[in-house]
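Colleague: Okay, here's the structure, questions in a sec.
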Amino acid sequence: MKLRALPIFAFLCALILTGCGASSDGGATDTDSYNKCLELEAAKLLDETGSNLDYANEKAAEICAK
């Protein structure tokens, strides 16, 4: 299970670090804040619930989309 989560985590980190989805009209700050939200919420969920990475990333995306 952990071996499957590692490539997914690496892929998500690559997207966050490269700013995938950032618009060229100055919308990078929205993307930056969304990415930071994803990182923080996923970390909180992993710490608080001890859940797996897939679940934490999915729930973090739901929280940050609101």
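The values are calculated or read from the model by the stated rules, or taken from the named source; none is laboratory data. Predicted, not measured: the structure shown is a model, and the values here were computed from it. Note that we place each Cβ from the backbone using ideal geometry, even for glycine, and neighbour counts take in every protein chain shown. To get the accessible areas, we keep the full protein, side chains included, count just its heavy atoms, and leave off ligands, DNA and RNA. Shrake-Rupley method; radii C 1.70, N 1.55, O 1.52, S 1.80 Å.
Colleague: Quick one: in region 1-32, of everything that is hydroxyl-bearing (Ser, Thr, Tyr) and open to solvent by 70 Å² or more (accessible area, probe 1.4 Å), which residue is modelled with the lowest pLDDT?
Modeller: The qualifying residue modelled with the lowest pLDDT is 24.
Colleague: Restricting to region 34-54, count the residues that are within 11 Å of the chain's Cα centre (by Cα) and hydroxyl-bearing (Ser, Thr, Tyr).
Modeller: The qualifying residues number 1.
Colleague: Oh, and also: Anything in region 33-52 that is of a type in the set (Gly, Ala, Ser) and modelled with pLDDT of 85 or more? List them, or say none.
Modeller: 33, 42, 43
Colleague: Determine the pairs where a residue that is under 20 Å from residue 4 (Cβ atoms), located within region 29-57, has a partner that is among the basic types (Lys, Arg) and open to solvent by 50 Å² or more (accessible area, probe 1.4 Å) with Cβ atoms under 7 Å apart, the partner being 6 or more residues away or on another chain.
Modeller: 45/59
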